[in-house]
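The values are calculated or read from the model by the stated rules, or taken from the named source; none is laboratory data. Because the structure is predicted, anything quoted here is derived from the model rather than measured. All Cβ positions, glycine included, derive from the backbone under ideal geometry; neighbour counts span all protein chains shown.
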Amino acid sequence: MAILVYNLPAILDGFAMTLMLFAVSAVICLVLGIMLAVMRVVPIQGLNLFAGFYVTVIRNAPPVLIFFIVTLGLPVLGVRLSFFTYAVIALSVYEASFICEAVRSGINFVPAGQSEAARSIGMTGTQMLRYVVMPQALANSVPAICNYLIALCKATSIAGTFGVVEATITLKYIAFENPGDVFVIFMGIAAGYIVINTSIAALLRLYEAKVSVLT
Amino acid sequence: MSDITRLFDEPSPRARRKLALWNGVGSTIALLIALYVGWVFAQSPQMRGELWVHFAEPGVWWTIGRGLVATIRAAVLCIVLSILFGAALGIARLSANPLLRIGVGIWIEFFRAIPSLLIILMLFLAYSRVFGEVGSAVEAVMPGFVNLLLAPGQWNTLGPLVLAVVVQHSAIIAEVFRGGILAVPRGQSEAGYSIGMTRGALLRIVLIPQAVRGMLPALVSECVRSLKATSLGYAIGYLDLLRTGQIIASAYHNIIPMALILLVMYVSLCLPLSWLASWLEYRTSPARAIRKTSTSATALTAKVSEGAA
């Protein structure tokens, strides 16, 4: 236990970075994912094809490979950013494809009568999506999005291998100095992740209760 | 396609012209962006032909092939072991013994909430030597071809990778399993008990065979996830496809060509499995069942009306 208390500042710094990575990429991948989902359902074939291709490729590529491409590939193409930015790009690109599929299945669960009703009172396609279909689709997809946000939080650990000092990689740094206490430090960091992921799940459950009352 | 017809009306001639305009404008913009990106790529030294020339050397492909074998080896081990452990955990979570049930529940929730990479690093940092020793002990006992199938001399990295992925994915599969068994109608287990089956026989003969059919899509997508998760071995230096690719890329400074090849290889490994999963899902989906029963119902009505006539 003493080793945990002694290294607490380092671990907390790591978790601060994990939370930053998570927060920034969660916002970006939600926006991207919803945009992609809309692109998959609007009657414009070019957008359907593009979004479908994106989702198919990214969902079938390992996240570590996407980190590899972004963090090691972009610099040689002349795009020089911080490791944090690379990590945010990789995480958002990866997780957006999953959010897209969650939202799209939410759209599929909106009863057909809703869009028919919207059309019958003369709404345009944009108005129908904006005011009728999407609010219900998003409410439907909150549980799935919750799972993907937890997956995103777990995926931030990969950033540690690509130059960002976040919670998981602090295990390695602390273990270098204290090779005998790896397991104790592991349990400490694991406890941190459990707190974060339980809070994400609890927050989204609250949000779900709120939106499901509205609809 | 079904989404489009459901969400939107068949477009009117005017709407069709508008859509065609949008398609045209969009494609032009996309083409311009693609040209610009292509131009940027062409300017960078990464797209010079000589960086691709290395991929004409058989030695490079030999190395990539070894990485591919290592990835598939890790994936197969992960998939088989995590399905076995997952099934065991899932059944244990349904056990009548509350202590076992709660203990397994805590185990599952713990491993579902933490990143695999954390477990991999912990096992590697603390126990990689143990894994290596166990590996050499096993290698000494096993005949040569088994050693070739397993990882010769790589147990110190393969062990932590596989164990971590198995611990994490078996926790997820356990939930799939439990859900699948609970989804079998109650009457089935009541019928089993009523003819005097024990709990084990009931699970083995009645519940699991029926549950597996419903779980199949989820299990296959779990295979895709295991395959993707093996690339986490990159962090501890397991010589899988990704790590081999990185080594080649740093030797020849051809990271972009290498990354593209890796992307194509990983996607073509995972995509067939993903398609299999969605096909299985479609096959077991209620929509198809309804369509099937309704067609057979139509056929039946046709027959009946024929008979009446």
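A few notes on this one:
- Residue match in region A:113-127 (condition: under 23 Å from the mean Cα position of the chain (by Cα) and either buried (at least 21 other Cβ atoms within 10 Å of the Cβ) or touching a residue at least 60 places away in the same chain (Cβ under 8 Å) (or both)): no
- Qualifying residue in region A:83-105 (condition: away from chain B (no Cβ under 12 Å), without any contact (Cβ under 8 Å) to a residue 12 or more places away in the chain and under 30 Å from B:L117 (Cα atoms)): yes
- Any chance A:V24 is under 15 Å from A:V88 (Cβ atoms) and free of Cβ contacts under 8 Å to residues at least 40 places away in the same chain: no
- Selected residue (criterion: farthest from B:L158 (Cα to Cα)) from residues of region B:192-241 that are among the small types (G, A, S) and part of a loop (DSSP other than H, G, I, E, B): B:G196
- Screening B:I247, B:I195, B:I208, B:I255 for residues that are surrounded by fewer than 21 Cβ atoms within 10 Å (Cβ to Cβ), within 13 Å of chain A (Cβ to nearest Cβ), farther than 21 Å from B:P115 by Cβ and not aromatic (F, W, Y) leaves exactly one candidate, B:I247.
- Selection from region B:90-119 of residues that are crowded, with 16+ Cβ neighbours inside 10 Å and among the charged types (D, E, K, R): B:R93, B:R112
Yes/no matrix, rows are residues, columns are (1) over 30 Å from B:A70 (Cβ atoms); (2) among the hydrophobic types (A, V, I, L, M, F, W, C):
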site	(1), (2)
B:V167	no, yes
B:G180	yes, no
B:E190	yes, no
B:S194	yes, no
B:T198	yes, no
B:L202	yes, yes
B:C223	no, yes
B:Y238	no, no
B:H253	no, no
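- Within region A:113-169, the set of residues being of a type in the set (S, T, Y) and under 30 Å from B:P115 (Cα atoms) comprises A:S141, A:Y148, A:T156, A:S157, A:T161, A:T168.
- Exclusive hit being more than 12 Å from every other protein chain (Cβ to nearest Cβ), farther than 30 Å from A:R80 by Cβ and surrounded by 15 or more Cβ atoms within 10 Å (Cβ to Cβ), set A:V132, A:V110, A:V164, A:V142: A:V142
- Count of region A:175-201 residues, restricted to those that are among the β-branched types (V, I, T) and either within 20 Å of B:F124 (Cβ to Cβ) or in contact (Cβ under 8 Å) with a residue 40 or more places away in the chain (or both), is 6.
- The set of residues in region A:167-179 being within 8 Å of chain B (Cβ to nearest Cβ) and surrounded by fewer than 20 Cβ atoms within 10 Å (Cβ to Cβ) consists of A:K172, A:P179.
- Residues satisfying the stated conditions in region B:78-121, i.e. closer than 29 Å to B:I247 by Cα and either in contact with a Cys (Cβ under 7 Å, 6 or more places away or on another chain) or at pLDDT below 90 (or both): B:I79
- Restricted to region A:77-107, and to residues there that are among the polar types (S, T, N, Q) and in a helix (DSSP H, G or I), the residue that is surrounded by the fewest Cβ atoms within 10 Å (Cβ to Cβ) is A:S105.
- First in region B:119-146 and within 12 Å of chain A (Cβ to nearest Cβ), second anywhere and part of a helix (DSSP H, G or I) and among the basic types (K, R), Cβ under 7 Å, 6 or more apart: B:L121/A:K172; B:L125/A:K172
- Top-ranked residue in region A:146-172 [being polar (S, T, N, Q) and touching a helix residue (DSSP H, G or I) at 6+ places or on another chain (Cβ under 6 Å); ranked as nearest to A:G192 (Cα to Cα)]: A:T168
- Screening A:L65, A:L74 for residues that are facing chain B (nearest Cβ under 10 Å), assigned to a helix (DSSP H, G or I) and more than 22 Å from B:I114 (Cα to Cα) leaves exactly one candidate, A:L74.
- Annotation for region A:35-51: at least one member residue is under 19 Å from the mean Cα position of the chain (by Cα), away from chain B (no Cβ under 13 Å) and either under 25 Å from B:L271 (Cβ atoms) or at pLDDT 90 or above (or both).
- Number of the exception - B:E190 against (1) over 27 Å from A:N108 (Cβ atoms); (2) buried (at least 20 other Cβ atoms within 10 Å of the Cβ); (3) of a type outside the set (A, V, I, L, M); (4) away from chain A (no Cβ under 11 Å): (2)
- Within region B:7-44, if we keep just the residues that are surrounded by fewer than 12 Cβ atoms within 10 Å (Cβ to Cβ) and polar (S, T, N, Q), the residue that is modelled with the highest pLDDT turns out to be B:T28.
Residue by residue, here is whether (1) of a type in the set (K, R); (2) closer than 30 Å to B:R129 by Cα; (3) at pLDDT 90 or above; (4) touching an Asp or Glu at 6+ places or on another chain (Cβ under 7 Å) holds:
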position	(1), (2), (3), (4)
A:T85	no, no, yes, no
A:A90	no, no, yes, no
A:E95	no, no, yes, no
A:F98	no, no, yes, no
A:V103	no, no, yes, no
A:G113	no, no, no, no
A:F176	no, yes, no, no
